[in-house]
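Notes to accompany the following structure.
The values are calculated or read from the model by the stated rules, or taken from the named source; none is laboratory data. All of these numbers come straight from a predicted model, not from anything done at the bench. Every residue, glycine as well, gets a Cβ built from its backbone with ideal geometry; the counts of neighbours run over all protein chains shown.
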Amino acid sequence: MKRLRKNKLDKRKSAMRITKAKREQIEQLAAVLAEIAPSTSPGTGFCVQKVAEQMRLSDCWKKQQNKKADIAFLLENVMRRYPRKPKSLVLAIVEGGVEWMSRKGKQVTTEQLNAIAKPMKALGFDIHKELNRIEIPEPSRVCEPPQNLVSLFERLELHETLQDDITEMFRDGHFNEAVRKALERFEKHIQDTISDHRSFGRDLMAKAFNENNPLISLNDMKTANDRSEQEGFKFLTMGAMSGMRNLYSHGDVAQMSANDALERLAFISLLFKRVEKALKKKGD
């Protein structure tokens, strides 16, 4: 009985008392960790919540109003209830965070690591050596798109020609390659439509959509508005070839953002749909 009481007393003594000063340090720490790691993530992706679950700290986790508050809540509760685990918890978050940032095309900085070490030391945990041993990978050129953009992308109803490997390329973060392949596919579609495989790029588009003698007419070409639409579409497609397809055919071009890729693929889908509508009308 006395031994049981002693164990309870020892456990109480080991628990950390969270003072106002310590709470401020925890909030500083949470702010930096929120810069390099998501608090939650759909599916099996890395996040702080999953780190807590893997370390059997789910009882210390509760969703708050934002990710900084999520992480601060977790840290404070772990320090209150499991005072020997905060160091390993923070290190696990940082190790996962540097990989997560790399996949996003970003890199954790020395300043961020120092900003993590400082409040940890103030809280009684010296992790300088462990942080210095973490290898910081180079930012990847392949950046997985955020889930909100993936959801938006899936609701766009792109032209069926783009709903195969191009869609997969976008989901996997190969943005330049997805846009390049979509434009090459549009170019091939125009070549097949006008039976001309010797013309390419802007010259092909100028020939196909020429407002004076179009091989693909978007409308009846009877009014000034009809001719303006035809001429405008010609310039749109010529610009797509010169300003996008040629640019992304070179592997040394910087990786575009997920948002940029989304907008470009939607634009290319529009080109496909407008040509399809014109050809269908001509067939009728």
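A count restricted to region 151-186 and to residues that are buried (at least 20 other Cβ atoms within 10 Å of the Cβ) and either in contact with a strand residue (DSSP E or B) (Cβ under 8 Å, 6 or more places away or on another chain) or part of a helix (DSSP H, G or I) (or both) stands at 12. Restricting attention to region 184-231, the residues that are within 27 Å of ILE166 (Cβ to Cβ), of a type outside the set (D, E, K, R) and in contact (Cβ under 8 Å) with a residue 12 or more places away in the chain add up to 16.
Conditions (1) buried (at least 16 other Cβ atoms within 10 Å of the Cβ); (2) more than 23 Å from ASN77 (Cα to Cα), marked per residue:
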position	(1), (2)
ALA117	yes, no
ASP126	no, no
PRO137	no, yes
GLU144	yes, yes
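Of the residues that make up region 238-248, is at least one touching a residue at least 60 places away in the same chain (Cβ under 8 Å), over 22 Å from the mean Cα position of the chain (by Cα) and assigned to a helix (DSSP H, G or I)? Yes, that holds for at least one residue. Can we say PHE200 is buried (at least 19 other Cβ atoms within 10 Å of the Cβ) and more than 28 Å from SER151 (Cα to Cα)? No; evaluated as a whole, the condition is false for this residue.
With the structure loaded, tell me whether LEU270 is assigned to a helix (DSSP H, G or I), within 23 Å of LYS104 (Cβ to Cβ) and at pLDDT 90 or above or whether it fails that test. Here the answer is no, as LEU270 does not meet what is asked. When GLN191 is tested against (1) more than 30 Å from GLU99 (Cα to Cα); (2) outside any helix (DSSP H, G or I), only condition (2) is not met.
Results for (1) touching an Asp or Glu at 6+ places or on another chain (Cβ under 7 Å); (2) within 30 Å of SER102 (Cα to Cα); (3) of a type in the set (Val, Ile, Thr); (4) at pLDDT below 95, shown as yes or no for each residue.
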{"residue": "GLU154", "(1), (2), (3), (4)": "no, yes, no, yes"}
{"residue": "THR161", "(1), (2), (3), (4)": "no, no, yes, yes"}
{"residue": "ARG171", "(1), (2), (3), (4)": "no, yes, no, yes"}
{"residue": "PHE209", "(1), (2), (3), (4)": "no, no, no, no"}
{"residue": "ASN212", "(1), (2), (3), (4)": "no, no, no, yes"}
{"residue": "ASN219", "(1), (2), (3), (4)": "yes, no, no, yes"}
{"residue": "LEU236", "(1), (2), (3), (4)": "no, no, no, no"}
{"residue": "LEU247", "(1), (2), (3), (4)": "no, yes, no, yes"}
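Each row is one residue, and each column tells you yes or no for (1) at pLDDT 90 or above; (2) of a type in the set (Gly, Ala, Ser); (3) in contact with an Asp or Glu (Cβ under 8 Å, 6 or more places away or on another chain); (4) not assigned by TED's automatic domain parsing to the domain that holds LEU204.
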residue	(1), (2), (3), (4)
MET79	yes, no, no, yes
TRP100	no, no, no, yes
ASN114	yes, no, no, yes
ALA122	yes, yes, no, yes
ASP126	yes, no, no, yes
LEU158	yes, no, no, no
GLU177	no, no, no, no
ALA182	yes, yes, no, no
LYS188	yes, no, no, no
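Mind listing whichever residues of region 39-60 are surrounded by fewer than 21 Cβ atoms within 10 Å (Cβ to Cβ) and part of a loop (DSSP other than H, G, I, E, B)? Result: THR40, SER41, PRO42, GLY43, THR44, GLY45, PHE46, MET55, ARG56, LEU57.
Restricted to region 194-225, and to residues there that are among the polar types (S, T, N, Q) and either touching a Gly at 6+ places or on another chain (Cβ under 8 Å) or part of a loop (DSSP other than H, G, I, E, B) (or both), the residue that is farthest from MET238 (Cα to Cα) is THR223. Considering region 66-150, the qualifying helices (runs of 4 or more DSSP H), each wholly inside and each with 2 or more residues that are in contact (Cβ under 8 Å) with a residue 24 or more places away in the chain and basic (Lys, Arg), run over 67-81, 86-103.
Tell me, which residue of region 203-227 that is surrounded by 15 or more Cβ atoms within 10 Å (Cβ to Cβ) and of a type in the set (Asp, Glu) is farthest from LYS280 (Cα to Cα)? For region 203-227, the residue satisfying everything is GLU211.
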